[in-house]
Structure formats: structure tokens, C-alpha cells
1. Just the number, please: Stokes-Einstein D of region 1-73 in µm²/s, Kirkwood Rh from C-alpha pairs, 20 °C, 1.002 mPa s.
2. Starting from the exponent 0.38 and prefactor 2.2 Å, build the expected Rg for region 133-283 from its residue count and divide its actual Cα Rg by it.
3. Which percent of the accessible area of region 238-278 is formed by carbon and sulfur heavy atoms (probe 1.4 angstrom)?
4. What does the charge count near Lys403 come to, summing +1 for each Lys or Arg and -1 for each Asp or Glu among other residues with Cβ under 13 Å from its Cβ?
5. Determine the share of region 53-148's accessible area contributed by carbon and sulfur atoms, expressed in whole percent, with a 1.4 angstrom probe.
6. Report the label-to-label distance for Glu366 and Trp124 in nanometres (one decimal), using points 7 Å from each Cα along the Cα→Cβ vector.
7. With θ set to phi - 60° and the Karplus curve 6.51 cos²θ - 1.76 cosθ + 1.60, what are the ³J(HN,Hα) couplings of region 289-306 in order, to the nearest whole Hz, using x for Gly and Pro?
8. Loop only by DSSP, 12 or fewer other Cβ within 10 Å of the Cβ. Give me the GluC sites (Glu not before Pro) in region 293-384 that pass, ordered by residue number.
Amino acid sequence: MTKQEYITVKEALTAILDGVSVLPTKHVPLLEALGRVLAEPVIARDSLPPFANSSMDGYALRAADLVGATPETPATLRVVADIAAGTVSQTMITAGTAARIMTGAPLPPGADAVIPVEDTNEPWRDVERPLPTHIQIHRQIQPSDYVRHIGEDIDAGHVVLKAGHALRPQEVGILAALGVSQVPVIRRPKVGVLATGDELIPVDAPLQPGKIRNSNGYTQIAQVMALGGVPVSLGIAGDTEDDVRAKLQIGLDAGVDLFVSSAGVSVGAYDVVKSVLEREGNVAFWRVRMRPGKPLAYGKYGDTPYLGLPGNPVSAMVSFERFARAAILKMAGHTRLNRPQINIILQDEIFSDGRESYIRAVVAREGDAYIAATTGGQGSHMMTSLVKANALLIVPEGVTHVKTGEQLTAWMIDWPGSIF
Ligand code: AMP
Ligand code: MG
């Protein structure tokens, strides 16, 4: 591939993903592991449950003692112990005896089943109520009924979670149950975010003639944060090579794993990002057959992967969404690098110039189908079209016209509960 050629979205993505690697492992406190990817398998050091216990408030007993029990001919057992959750009873349950037992309390020796209080003549849960000396039971049960056996959920010594597993609240819970307080996860990618352009002023500065506020810097930092990455804000660089270099040095000093900049990668007279990369690293490609977002530089600054997004806010966000997102997720150890994609029926018409296009749209549900309408105003400076959108419709390479009623793939940037 020469530097001048336009490459496809797929080729660009492949090159970018080939250029980034999964980051090293770090042990972090359990709650900090949420959203991150396990670097090593977790092997259960204990069984879950760790001991046989009752799944109901009731009476632990021998199921054989209840054979033939009915409401008319109840079985009567002598109560010999009272076992609260968190305590252990050594009292042997022999024929004709039972122990009152609470949910989660360990089964006493000799017992093989639990009868819920509801099936006895003592269906009260009042703590003030003295332990009955005898209990009547109105039905028969099988051995193991209402008993949670040791290791029924997890056997000690077995792999509970494999390396590569992304940790959700339920995984955090299972790790807590197994006593894993420090979790080996893939380190969070540190991403240096730079905005370039002489026209840019900080967000808190008053507007001046010819100037605009730096919105991209904020969008891209927010995108990094939303992915669980660590943003390193490099601020604004003017359109000079020296200024761009100086700002990138801050990122190198901070040890960023990836640079993401916006603007300065087109063919304008002041587009200096590309020349800085050419001088200090390399440019693998800088043009992608994609809409929005044709100028997209990828290469290295020194040894650090570098993604130069277009300047227009929509192009920058969509290019980040398509390329930087996958790179950051890969570095963080994730293997599912794409957003969910669904088939939609187009409600209006789309004209394209043959580049693979990502059209801002609202997807909604209609019966069993998903329908989508474009959000209007598709100019790549129109930020409101992204605010309205919950999806990007992918018009494939080579297609120039999609008619009402035709199907397209929607790349879901949100997965709103209201429509799914
Ligand atoms: P460029 O790629 O430098 O030609 O910029 C393309 C367009 O994006 C121009 O209209 C810029 O003013 C605009 N732009 C560049 N950087 C930013 C930014 N950080 N925030 C908002 N708009 C920007
Ligand atoms: Mg510019």
C-alpha cells in the first residue's frame, strides 16, 4: 500500500488493530476490576457453597422419618437443636429428631433434608417464639430436598472464569464469594488526546472573531472514558510542527499507549500533523474511503501508535467510534470490538458517493422489525445530528443510492432500553 492510496475501512481497521497489542497485566482491588478484562484464569480455592446448608427456614431432619406424613397423619419429631445462620451445630440428628434451621445455616450431622416451616404446625418466624419441643410435619419429602450441597455451584480447584472474560457486576460478585480481593486484569489503556488548529480556544474562553471552542478534545476524552480508558489531555496545539511536537511530548512523558488527535491531517496549507508524524515516526496511511472522515492518518509517533482523526466534529467522533474504539478495546484485552449491529428497514432515502458511509440515524422498533430514519443535516460539522442519533447506518462501499424500504445494517452507538 502506498501512502497516497485511499484504503478501505476494513483495510484501515486491520492495519490499526495489527499495530496495537494487548497491554500488560496489573493486579487491582476487586471493585476496580469492574469493566476490565481478566488477564489470567481464576481458579476456585474454595467450593461454593463451602458447606451443605439449608435453602429455607425450616427443620433439618431425616427424610425417611416423614414417609407417609399427610395433614391428617402428620409425623411428629422431637426438636433437639436450633441452628441460626452463621453458627454450626454438632448435634446428631437421629431417627425421630429434627433441628430448627435458618436459611444458609449448615446442615447438622445426620440430617439429609429440610422441611420448610410452612409445612409444619409451627409456621411462624417470630424470634420471640420459644423453640418448640416437638414439631408436626404434614408431608413427606425426598433426601436432599431444600439442601444446597457443597460445591453445587463451584468445585474447588476448577476454573471459574477464563482469561479474557470481561468483568461485570456478577463476576465481581463471584470473585468476592471466592475471596479474590486483588484481581489480575489487563491494564487500562492510557490515551493522549490532542486537538490541533489555530482557530481553537479553550471551552471556558469567550468567543473571538474567527475562533471556535475546542469541542473535539472533550468529545474524544469522553469517548476514551466511556470505554474505560485513561485519557491524558494534551490540550490544544496550534498549526505548527513545533507546537504539535511539544504537546505530544507531554503524552510521551505520561507514557500514553496511543495518541488520538483531531484535525490537521487533510491537504490544507496548515495541516501539520502528518508532517510531524512523517518526521518523528511514520505514516502508514492517511486516507480512508469512508464518509464522514476521509482524512484519517495512522502511524507512529516515535514508537507510540498514533491515530490522526479528521477535524470536523462529526467526522472525528465517527472515526473514533469506528477505529480508535476498536484499538482501545483490543489494548484493554477485549475481543468483542464492534458495537452490536442489527438489520433495519430504511424509512427515507440515502445518497452516497460510493465510499463506505456511516449515516447518523434513529433506530426504532415497529412490531418485530427495526426501522430507521436519518437524522437530517448530515454535514460533518452538524453536531446536533449526532446528539439525535442512536445509530450509524452503514452504506456499503460502492453503493450510491439506498431507497425507502430497503435494508441496511445499523451500528448501534446506543442500545436504548426504550426500543429493545
Ligand atoms: P481541519 O481538519 O484542520 O481542516 O479541520 C476541519 C474542520 O474541523 C474545521 O472547520 C475546523 O475548524 C474544525 N475543527 C478542527 N478541530 C476542531 C476541534 N477541536 N473542535 C471543533 N472543531 C474543530
Ligand atoms: Mg485546521
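The values are calculated or read from the model by the stated rules, or taken from the named source; none is laboratory data. As the structure is a computational prediction, the values presented were derived from the model and not from experiment. Neighbour counts are summed over all protein chains in view; Cβ atoms, including those assigned to glycine, are modelled from backbone coordinates with ideal geometry. Side chains are part of the model used for accessible areas, which takes the heavy atoms of the whole protein and leaves out ligands, DNA and RNA. Shrake-Rupley method; radii C 1.70, N 1.55, O 1.52, S 1.80 Å.
1. It diffuses with D of about 107 µm²/s by this estimate.
2. Values: Rg = 27.7 Å, N = 151, 2.2 N^0.38 = 14.8 Å.
Taking the Cα Rg and dividing by 2.2 N^0.38 Å, one obtains 1.87.
3. Numbers: 850 of 1640 Å².
Of the solvent-accessible surface of region 238-278, carbon and sulfur hold 52 percent.
4. Value of the local net charge: -3.
5. 52
6. Going from the Glu366 label point to the Trp124 one covers 6.3 nm.
7. Ordered by residue, 3J(HN,Hα) equals 6, 9, 9, x, x, 3, x, 8, 8, 10, x, 9, 10, x, 9, 9, x, 9 Hz.
8. Glu349
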